[in-house]
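A short worksheet on the structure shown next.
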Amino acid sequence: MSAYPVAITVNGKRVERTVPARRSLADFLRDDLHLTGTHVGCEHGICGACTVHVNGVPVRSCILYAVQADGAEVTTVEGLSPDGTTLSPLQDAFVECHGLQCGFCTPGMLMAATALLREVPHPTDAEIRDELAGNICRCTGYQQIVEAVQLAARAGAGR
Amino acid sequence: MIVEPPPSELRRHRFVGHKRRPVEDRRFVLGRGRFAADITLPHLHHVAIVPSRHAHARITAIDASAALALPGVLGIVTGPQLRARTKPLRQYLDIPGVDWFPLAGEIARYAGEWVVAVVATERAIAEDAVDLIEVSYDPLPAVLDPEAALDPASPSVHPSHPSNVLYRRTFVWGGVEADFAAAPRTLATRYRWHRSATVPIETFAVTAAWEPGTALLDVWASVQMPQFPEQIADALGIPLNGVRVHFDVDVGGSYGVKRGIKHAVLVGFLTRHFGVPVSFVEDRLENMRGGDMHGPDRIFDVTAAYDDRGVVRSLRIRTIDDEGAYPGRSPLQMGKPVGAIVGAYAIGSVEYEAIAVTTNKTGQVAVRGFGQAPTNFALELTMDRIARDVGVDALEIRRRNFIQPEAFPYVIPSGTAYDSGDYPAVMAKAAALADLSELQRWRAAARAEGRVAGIGIASCIEPGGGNAIFQALFNDNDKTTTFPESCQVKIDRTGAISAQIGIASSGQGHETLVSTLLGEIFDVEPDEIRVIHADSLAGLPSQSPVASRMAIVLGDATVGAARRLREQMLRIAAYDLGRAPGDCAWHGTTVRTKDASGERTWLEIARIAHLFYHRLPPGMEPGLQTQFVVEVPRGGTLPTPDGRVQMYPCHSFSAHVVAVEIDRGTGKLSFRKYALAHDCGTVINPDIVRGMVLGGVAHGIGAALYERFIYDADGRLLTQTLADYLMPTVHEVPLVEMVEHETPSPFTTLGQKGVGEGGYMSTPAAVVCAINDALSPFGTRVDHVPVTPVDLLERMR
């Protein structure tokens, strides 16, 4: 199996590894870097649980190869909190609104919503729903997630 | 819309019923949950599966030579190898000749059934090896339709069992024949609930490590099921105290299906066989086609006898349930509905025939509501049919048939007492929240314009408590009546409180439940209380978080433990103060003498208990720790010979009002309104209750409109990916307005009832009732789920 060297900046830290060509970015993050906050739900790009940011854009890390992220800046859910302990305004809003239950889809939801608020600091309900439509949550029925994004927007998460 | 706790609740309690942030949420938003696939161990190996390509076939040869030559492959195991060294997995019916093992033996009985397991150093290498294994099959005729399976001439799924019928019993409760003879009207209906499931976003994952030095099998699994360690030990033939299931694993959703017993037995076998830790994380295909996680697949024939006002006297219900190739526990999903067989209605007699058949499909497993959602669907659609027949509306027919609030505890014909409720009041709240009269004006205006609009109303009883007495109801040789839950609580020498529960959680918020209740009883800030999940050897008896039972049974165990410790602390303080316990009382976290002459603080009492034996009452054991194990309230009684049984103790209730519009050109359905009123007794955490209900509604919308496991004529599953099996996204779930009502249960410590399944039980009925109201101008209706746009277009032609 051919392997390639990659240098990727993950959550602000540059990492260099040699990875098989076929290794997904999700597996690279989880297995090579032990960043298990990124979850794998379907491995075919539908559920959105594996969403991370690559150069600021939300992508599905299960259908991107790690080698494709060579040279990129990747942010995972572990990178949302400034110090790993303090909650970002969006994370705080998810807790306040109980916008989750089992927590499995949550990292992907947070990454999708973080990207939205960065682009659209005060989104309408329809804009929130459009952005989150690529992420499946089986627990909440989405309502408390939408409320959490609205609350985070009011708290200035997108500034 | 935010649910406000009733004012009475806020007065009664300091923490219970108040808004509190669930304690679990913090770790999840930080990405710090610990799921089964996150567990790593030294030398961990990985499994991939060779599935059967045929719905029914004799396996004639397996050639794994190329796979075994692949670097990184440790070995393979076939069905015959595994079967020679394990016992069959547990079935809950007595069905000799139906043997269920993790891997197929000589015969594969459904497409997707596991045939060979490969163990390799990496998952990807194991998958490469799967592609190199050649399995030769001799195809056999398959049976795929549940009614066809009733035919004695149908292909036999298990030739050593007399037929494809695994269970058939007719229960008669009350004077059904006389009630039918006396009723002026009868109506016969038929419904089809197609195969769907809860499909959690996390697939099933399990890691096992056998340690020969201690003869201990450690298991980490994404599991939600009762008797999991017991079944692993039984199948592998090792003592129950040789299996340690670690319940401190976050489970990424379950809603019933995270059973994974064949997965766990397989990896338990593999880790012992190969001497390395082994992990199996299902990929989505393995999960969908061979995970044995599909839900009920039912045909209902319902006949109702009623009077000219639509008051129902009697019901005859026949249900055929397609269990797939291996039934496991799933036929019991026709047993739980016995405990709410008349729904919210005062129906005097019932005949209920339950038939379980086996077919060449993946096995069925428990799904949210344990069979009650399909049954409630059939019941509610029947009520609507009766309403049309006698010419009253959907609200009025339910009002006329509701069990009245003064009738509780109310015993239904099948022997279960409903604890409490006020169904007319909750229904009225739902109608008011929906502004039903405004919706009716909207519908009239829409129809005048030629649009297709309808309003649906449905109610639902949500039994809670998890008294799995349906085991005994469906199997005379099963006399199990104990379905316990437990909580261990200790207070350390610094006064800090910790509790241990014997289960894993899959999003229900059990840590929040326990810390809130301990905080309430101890008058201590709940966020300062630590709640941990024990492993199965350290934990006490548990039946797992099924059946909307934890608020009831874990709640009662927690309150019981807290009250016991509080009493002990008061006795310590009183003795140290030189007073009788009766002369002292708690004031917050301090014990004071009633004459206010002396006091001991929480910390002082904790230090006496742990450090100063000379100040403890004589004979008292040192430290502050206790355990409390509860049986399900009102449990402990076997069914009568005619099948009357006290099923669950608590009965939540909900009423849904739904308005939909259907596009005449495309068949696309849109929601105009979704409003519901909900009563689960005393609410412990409003956000968790709301989330459980809203999540159930979304799941019910999926069952009603989108989700179906479809097999082709050869028995191959067509909907194997999430691109084919459609789950609702945020676009498909409307804004749901919700209001709480509170009728406490007399049978629980704080009046709490269960929550978690009711939304899923009500919603398919409510949505299809709305569709049928919309279709009524066409003189047609639907009697099945899921209802697709094509179904609607056909009926609007």
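Each value in this text was obtained by applying a stated rule to the coordinates, not by laboratory testing. These numbers come from a predicted model, not from an experiment. Cβ: placed from backbone, ideal geometry, glycine included. Neighbour counts: every protein chain shown.
Structural size metrics of the stretch A:22-97, computed from C-alpha coordinates, are Rg and Dmax of 12.7, 40 Å.
Across the stretch B:584-593, computed HN-Hα scalar couplings (Karplus, 6.51 cos²θ - 1.76 cosθ + 1.60, θ = phi - 60°) run 10, 8, 6, 10, x, 9, 10, 9, 10, 5 Hz from first to last residue, x flagging Gly and Pro.
Taken residue by residue and averaged, Cβ atoms of other chains lying within 10 Å of the Cβ of B:690-698 number 5. For peptide A:43-51, the mean count of partner chain Cβ atoms within 10 Å of a residue's Cβ comes to 4.
Across all directions, the average projected area of the convex hull around the alpha carbons of the stretch B:34-370 is 18.5 nm². Both numbers refer to the Cα atoms of the stretch B:347-392; Rg and Dmax are 15.0, 44 Å. Listed peptides B:703-714, B:415-426 appear in the order B:415-426, B:703-714 once ranked by packing, highest mean of other Cβ atoms within 10 Å at the front. Dividing the convex hull volume of the alpha-carbon atoms in chain B by its residue count gives 169 Å³ per residue.
With 25 Å as the limit on Cα-Cα distance, the pairs of B:Lys336/B:Lys429; B:Lys336/B:Lys479; B:Lys19/B:Lys258; B:Lys258/B:Lys753 that go past it are B:Lys336/B:Lys429; B:Lys19/B:Lys258.
Overall size of the stretch B:27-173 from C-alpha positions, given as principal axis extents largest first: 56, 45, 27 Å. Going from the residue with the fewest nearby Cβ atoms within 10 Å to the one with the most, B:Val697, B:Val559 rank B:Val559, B:Val697.
When both the stretch B:9-40 and the stretch A:58-111 are represented by their alpha-carbon centers, they are found 18 Å apart.
Within 10 Å of each Cβ in peptide B:279-288, how many partner chain Cβ atoms are there on average? Round it to a whole number, please.
Working: counts 0, 0, 1, 0, 4, 7, 3, 0, 2, 1.
Taking the mean over all residues of the peptide, I get 2.
Can you check what the net charge comes to around B:Pro155, using other residues whose Cβ is under 12 Å from the Cβ of B:Pro155 (Lys, Arg +1; Asp, Glu -1)?
Details: positive: B:Arg109; negative: B:Asp145, B:Asp151.
Taking every Cβ under 12 Å from that of B:Pro155, the sum is -1.
Within the stretch B:34-370, DSSP assigns beta bridges of which about 75% are antiparallel (rounded to the nearest 5). Around the Cα centre of the stretch B:24-125, unit charges on the Cβ atoms of Lys, Arg, Asp and Glu (plus for the first two, minus for the last two) sum to a dipole of about 180 debye. Of the peptides B:19-25, B:247-253, B:377-383, the order by per-residue mean of other Cβ atoms within 10 Å, starting with the highest, comes out as B:377-383, B:247-253, B:19-25.
Could you tell me what fraction of 2.2 N^0.38 Å the Cα radius of gyration of the stretch A:24-159 comes to, as a two-decimal ratio?
Taking the Cα Rg and dividing by 2.2 N^0.38 Å, one obtains 0.97.
So what does the Cα-only Debye profile of the stretch B:258-313 read at q = 0.12, 0.22, 0.30, 0.31 Å⁻¹, as log10 I(q)/I(0), no solvent term? Ignoring solvent entirely, the Cα scatterers give -0.51, -0.92, -1.15, -1.18.
Report, to one decimal in Å, the Kirkwood hydrodynamic radius for the stretch A:89-154 based on all distinct Cα pairs. It would help to have the intermediate numbers written out before the result.
Working: mean 1/r = 0.0885 Å⁻¹.
Hydrodynamic radius (Kirkwood, Cα pairs) of the stretch A:89-154 is 11.3 Å.
Here the gap between B:Arg564 and B:Ala538, fully extended at 0.36 nm per residue and compared with their Cα-Cα distance, gives a gain of 7.3 nm.
Panel order for B:Ile552, A:Ile145, B:Ile317, by other beta carbons found within 10 Å of each beta carbon, from fewest to most: B:Ile317, A:Ile145, B:Ile552.
Got the relative contact order for the stretch B:713-797 handy, in percent, Cα pairs under 8 Å and 6 or more residues apart? The value is 13 percent.
Just want the ordering: B:Lys753, B:Lys673, from fewest to most Cβ atoms lying within 10 Å of their own Cβ.
B:Lys673, B:Lys753
The Cα center of the stretch B:43-117 and the Cα center of the stretch B:636-694 differ in position by 40 Å.
When the Kirkwood radius is taken over all Cα pairs of the stretch B:484-630, what Stokes-Einstein diffusion coefficient follows at 37 °C and 0.692 mPa s, in µm²/s? D = 209 µm²/s. Derived scalar couplings between HN and Hα for the stretch B:623-636 equal x, 10, 8, 8, 9, 9, 10, 10, 8, 4, x, 6, x, x Hz in order, rounded to whole Hz, by the Karplus curve 6.51 cos²θ - 1.76 cosθ + 1.60 (θ = phi - 60°), x for Gly and Pro.
Calculated on the Cα set of the stretch B:712-797, radius of gyration then Dmax: 18.6, 56 Å.
How high is the relative contact order of the stretch B:1-139, in percent, counting Cα pairs under 8 Å that sit 6 or more residues apart? Please report the intermediate quantities before stating the final value.
On the way: 209 pairs, mean separation 49.9, N = 139.
That works out to 36 percent.
For B:Ala458, what charge total do you get from the other residues with a beta carbon under 10 Å from its beta carbon, if Lys and Arg give +1 and Asp and Glu give -1?
On the way: positive: B:Arg398; negative: B:Glu380, B:Asp384.
Combined, the nearby Lys, Arg, Asp and Glu give -1.
Evaluate the relative contact order of the stretch B:303-441 (contact order divided by residue number), counting alpha-carbon pairs under 8 angstrom at least 6 apart; express in whole percent. Don't skip to the answer; put the middle values down first.
Details: 195 pairs, mean separation 35.6, N = 139.
Once normalised by length, the contact order is 26 percent.
Every pair of different Cα atoms in the protein assembly as shown enters the Kirkwood calculation, which places the hydrodynamic radius at 29.0 Å. A straight line joining the Cα centroids of the stretch B:353-419 and the stretch B:131-145 runs 40 Å. Remark: the B:Asp63-B:Leu611 segment gains 190.5 nm on full extension, using 0.36 nm per residue and subtracting the alpha carbon distance. Within straight-line reach of A:Lys13, meaning a Cα separation under 18 Å, there are no lysines at least 8 residues removed in sequence or on another chain.
Distances between every pair of Cα atoms in the stretch B:96-174, grouped in 5 Å steps from 0 to the bin holding the largest one, split as 3, 11, 17, 17, 15, 10, 9, 8, 5, 2, 1, 1, 0 percent.
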